[in-house]
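To keep things clear, I will list the structure first and then write my remarks on it.
Read-outs throughout are calculated quantities, based only on the coordinates presented, and are distinct from any laboratory measurement. Note that the coordinates shown come from a computational prediction; the quantities given were computed from them, not determined experimentally. Cβ atoms come from the backbone with ideal geometry, glycine included; neighbour counts cover every protein chain shown.
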Amino acid sequence: MDTTVETDPAANDRTLPDERLREILYLLKLSRYLDERLEALYRQGRLPGALYSGRGQEGTHVGVAYALEARDSLFPTHRDLTAQLTKGLDLNRVLAQYWGRIDGYLRGRDGNSHIGDWDGNRTFAVMSHLPIAYPVAVGAAWAYQRAGDGRVAMAICGDGATSNGRWHESINTSAIMRLPVVWVVNNNQFAYSTPNEKEFAVPTIAERATAYGIPGVRVDGTEVLEVYAAASEALERARSGGGPSLIESVSLRWRGHAGHDPAKYVPRELLEHYMLSKDPVKNFEAHLRDRGVVDDAAITEMQSRVEQAFEQAHAFALDSPYPEAGDVSKGVWVEDGYWRAEPGRGGGTDAG
Amino acid sequence: MATQQVEAAAAGHGAEPRGKRSDDGQATYLVAIAEALWEEMERDERVFMLGEDIGVYGGAFKVTEGFIERFGPTRVVDTPIAEETIVGMAAGAAMEGLRPVAEFQYSDFMSSGFDEITTVLARYHYRAGVPLPVVLRAPSGGGVRASNFHSINPEPWFAYTGGIKIMCPAFPSDAKGLLKSAIRDDNPSVFLEHKALYRRIKEHVSDDPEALVPIGSAAVKRAGDDVTIITYGAMVHKALEAAESLAGRGVSVEVVDLRTVYPIDEDAVLRSIEKTSRALVLYESFRFLGIGSEVASIIAERAFEHLDAPVMRLAPPNHPVPFSPPLEDAFLPQVADIEAAVDRLSAW
């Protein structure tokens, strides 16, 4: 089986109207700006908890999630915050989560990008033990198959998680049952500090699909439309009963594993190459400018909308109260009703 | 697995388990469990089962024999040997509104699915407010010469996950009623079926599909005045045997069967201690940090003024379950050990 597909970005974008191309650019720019601002606030000691940058991988995150329908589910990792935003999460509530506030999606019970909005946007609340969500996606996909309603589950993990047994268990099971699921590997070339060659001995992750009897493709994760096209094809296959697919989307993690990690193990030339030549945000902007989809005025307006969205969400987060300490042990069991009721808002803010 | 007499012959594929009751209408522990599954599958089409060899083969212990013929392969799902995926699959299906009942061939193999149990099942509702009504069924316990990897009592593992209810019934009626409650409960639960009881214990069980045993409720299985034995699972039967023998010597023993080991019915335990003032905590998981350790703590904290003797524990040592009969017998608490422990308590 051929495990690679050559996609032509120029061919891909003909399928999308200009308005949607501009929407994709907005999401890419929002992803980049959010990442930079959160890092700055983290370094200033103004953002509590941990920070996992997705910079450089926006093409993968936006590309796969933009291909999903609202009714499809997404099982992301801590690195994939902007995939969740693309799926529809509200930035206000996302930042409230970062600051541990009651208006965060998880009401302060988890922080940073360990976020999810199952009831609203069908995204699974991220867990650290990767790829822990892969088996759960099998179950969701099984439910869709049983219902026969054309929904699809999509799960993302990194290159490092492909070394874990659950990755193989899940793909194998989904292939046996021919489930409507799309397996995405965000290959950003480093699992914390471990490079690809210490994670797998085959040339690509995509070719592993052959061993499970499903299609696998390797795409340039810095080309958002290439990713989008591959995801759309895989989703269509799943939706129409064709079973699971594997997408390996290759980019580079520009920042460390987390906010504390300077990532000195990434070769300087590699990083420079990606930052200078394979910037998914800049390259897509240039592409749309070339095609006349955006001009200077549109870009300025877009950037200002991005910054406004962030400032508004940041203010919203800081104004949102902390959870009430007396609620700490509520919501373990369904029957206490904590999650079905509006939570208390008497936890105060830093302003008092 | 030791071969044991099957109490009732199979009534034929696709026929309900009630047909497997004995001629006088009694159900074994195994048949009672199958009845609970069958009735809940009939009552609620969101309920489905998944696991290894549960379909055509009917399960490692034949609990689900005949189910696939009645309910079909979309409700009796044979999976590959992939325990993490079985648990995760159950969680994902539950998130989409289904009510999965996953079978493990032995509770020992739950360690192979443990990350999905402790990280997803136990924590998801507290973190994110999405109910995961999943039941994990597994045969547990020793005494059948099944050796290291088919004999453990893993209930303390799950108690420590902080978000899973755990049932360890000792009688067919309790097994049936508790399993039905677990399937209807919106929280994840681990339902441990003591394999030594499957075909050994039988009794009349209710025909009423709404006869439930509440989760978190203990039961006094024998009333007494002098000493309380707090226990669960197969040890209940050893405690009852010891109590009978002790009664012949004039010692009156009360046997409290916890039935659910997490959460524990603290009030039922305390009521008995207030009456007898002496407590023996008997359990089959490891002595150190076992369920009984917690029961002993509850008594020490909440019933100190009622005690006439120190709380005593009787449980296996902290090491693997051995195979050779004299070794396994020495490992597990025996009736004679229970009697000796009650005698020591009575001497205070």
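Relative to the longest principal axis of the Cα atoms of chain B, the long axis of helix B:266-276 lies at roughly 30 degrees. In the protein assembly as shown, the DSSP beta bridges split such that about 15 percent are antiparallel, to the nearest 5. For region A:9-320, the share of DSSP beta bridges that are antiparallel, to the nearest 5, is 10%.
Only helices reaching 24 angstrom along their own axis (Cα) with mean Kyte-Doolittle hydropathy no lower than -0.5 count here, and for the DSSP H runs of chain A these are A:296-319. Sorting the segments A:52-63, A:19-30 by their mean number of nearby beta carbons within 10 angstrom, highest to lowest, gives A:52-63, A:19-30. Extent of region B:17-203 along its three principal axes (Cα atoms, max minus min coordinate, largest first): 50, 36, 28 Å.
With the convex hull drawn over the C-alpha atoms of chain B, the volume per residue is 128 Å³. Annotation: for a label point projected 7 angstrom from Cα along Cα→Cβ of A:Ala263, residues of region A:223-247 with backbone N closer than 18 Å are A:223-224. Please work out the C-alpha center-to-center distance from region B:283-348 to region A:58-107 and express it in whole Å. A separation of 51 Å, based on Cα centres. When the P(r) is computed for region B:306-345, the part past 15 Å accounts for 49% of the Cα-Cα pairs.
Between 0 and 90 degrees, rounded to the nearest ten: what's the tilt of helix B:172-184 against the longest Cα principal axis of chain B? It works out to around 50 degrees. Residue exposure proxy: B:Leu212, A:Leu235, ordered by other Cβ atoms within 10 angstrom of their Cβ from fewest to most, comes out as B:Leu212, A:Leu235. Dividing the summed helix terms, -39500 (n - 2.57) for each DSSP H run of n ≥ 4, by the number of residues in chain A produces a 222 nm estimate of -13500 deg cm²/dmol to the nearest 500. Going by a ≥ b ≥ c, the root eigenvalues of the Cα gyration tensor, does region A:236-318 fall in the rounded group (a/c under 1.5), the prolate group (a/b larger than b/c) or the oblate group? It is rounded, given that a/c, with a ≥ b ≥ c, falls under 1.5. Remark: B:Phe331, B:Phe158 ranked as B:Phe331, B:Phe158, counting other beta-carbon atoms within 10 Å and listing the fewest first. Let me make sure I get this right: for region A:143-273, a, b and c are the square roots of the gyration tensor eigenvalues over alpha carbons, sorted descending. Under 1.5 in a/c it's rounded, otherwise prolate if a/b > b/c, else oblate. Which is it? Since a/c reaches 1.5 and a/b is larger than b/c, the shape of region A:143-273 is classed as prolate. For region A:9-320, the square roots a ≥ b ≥ c of the C-alpha gyration tensor eigenvalues yield an a/c under 1.5, which makes the shape rounded.
Legend: mean number of C-beta atoms from other chains within 10 angstrom of residue C-beta atoms, peptide B:114-127, equals 5.
Hey, what angle do you get for helix B:29-43 against the long axis of chain B, alpha-carbon based, 0 to 90 degrees rounded to 10? So the inclination is approximately 40 degrees. Each Lys or Arg adds one and each Asp or Glu takes one away; over the other residues whose Cβ falls under 13 Å from the Cβ of A:Leu41, this sums to -1. For the protein assembly as shown, a Kirkwood hydrodynamic radius built from all Cα pairs, placed in the Stokes-Einstein relation at 37 °C and 0.692 mPa s, yields a translational diffusion coefficient of 119 µm²/s. Working from Cα pairs under 8 Å separated by at least six residues, relative contact order for region A:9-320 is 24 percent. Among A:Cys157, B:Cys168, sorting on how many other beta-carbon atoms sit within 10 Å of each Cβ, with the fewest leading, yields A:Cys157, B:Cys168. Relative contact order for chain B: 15 percent, from Cα pairs under 8 Å spaced at least 6 residues apart, divided by residue count.
Taking label points 7 Å from Cα along the Cα-to-Cβ direction, A:Arg43 and A:Leu271 give a separation of 1.2 nm. Residue by residue along A:163-173, Cβ atoms of other protein chains within 10 Å of the local Cβ number 4 on average. Semi-axes of the equivalent ellipsoid of region B:177-282 are 26, 17, 12 Å, computed as sqrt(5λ) over the eigenvalues of the C-alpha gyration tensor in descending order.
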